[in-house]
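*Asks:* Below you'll find the structure I mean.
Where a number appears in this text, it was derived from the coordinates with a stated rule and is not lab data. No experiment lies behind these values; they were computed from the predicted model shown. Cβ placement follows ideal geometry from the backbone for every residue including glycine, while neighbour counts extend to all protein chains displayed.
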Amino acid sequence: MISISAIEQALRSGAAVDPSDSGKVAAAVAIVLRSRHDEVELLYIQRTHHPQDPWSGHIAFPGGRREAGDATLRQTAVRETREEVGLDLTRGRYLGHLETLDSASLSVSVTGYVYTVAPAVAVTANPKEVQTAFWVPVSVLLQPERHCTRTFSFRGLEKQRMPALDLLGPDGPLLWGLTYRFTARLLRLAGHELPDAQADS
């Protein structure tokens, strides 16, 4: 069973490097955890459909690009989480950060900052940016039947087969890309690998 204390210990003992200037646009996401009914849950959002958002309609973690007023990337994650889901992470507990990942399709580098919050904390989606916000237990993320391989095409790039997670059912988007990679890295730190993806159906 994964615990928040185990994740915190793994983050502190891991080798995640502090983000540096890579020449790409810097962005940050908040990977928010809570412990509920003796199980760790992760907070995800489905982004509102918007023609100017490259991740329009996707499942993601709260976050976005660094703005001039953000002294650090961690402040970017805190600000974006407050704006997108009304959650004040300064009232939570900071656990550490994951290694920065580069987008395969955009000139953006993204750092994931991990927080834990109280089980009953309120989350309210800002409809301008977020269609819905929802919690997913780790046990659900590890269910083999939710894992698949699908062919994705993003912003006109060549189609690629990539691993994905079905969290919202047949009518919802799949979790894939950077959010999938951050999820896999967090669980790997806690000693759990995501199951092998199932073939296209």
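*Asks:* Residue 153 to residue 107: FRET efficiency via 1/(1 + (r/R0)^6), r the Cβ-Cβ distance, R0 22 Å, to the nearest 0.05?
*Replies:* 0.75
*Asks:* Continuing with the same structure: Quote the FRET efficiency, to the nearest 0.05, computed for residue 56 versus residue 36 with a Förster distance R0 of 30 Å and r equal to the Cβ-Cβ distance.
*Replies:* Given R0 = 30 Å and the Cβ-Cβ separation, E is 0.50.
*Asks:* Let me ask you something else. Provide the gained length on full extension for the span residue 140 to residue 171, in nm with one decimal, where the gain is 0.36 nm per separating residue minus the Cα-Cα distance.
*Replies:* 9.4 nm
*Asks:* Then there's this: With both partners inside the chain, how many of the DSSP beta bridges are antiparallel, as a percent to the nearest 5?
*Replies:* 75
*Asks:* Give me the percent relative contact order of the chain, please, defined on Cα pairs under 8 angstrom at least 6 residues apart.
*Replies:* 24
*Asks:* At 0.36 nm per residue, minus the direct Cα-Cα distance, what do residue 124 and residue 49 gain on full extension? Give it in nm, one decimal, please.
*Replies:* Value of the extension gain: 25.3 nm.
*Asks:* Between (1) 16.0, 46; (2) 16.7, 50; (3) 17.0, 56, which entry matches Rg and Dmax of the Cα atoms in Å as derived from the coordinates of this structure?
*Replies:* Looking at Rg and Dmax of the Cα atoms in Å for this model, the match is (1).
*Asks:* How much length is gained on full extension from residue 91 to residue 71, taking 0.36 nm per residue of separation minus their Cα-Cα distance?
*Replies:* 5.3 nm
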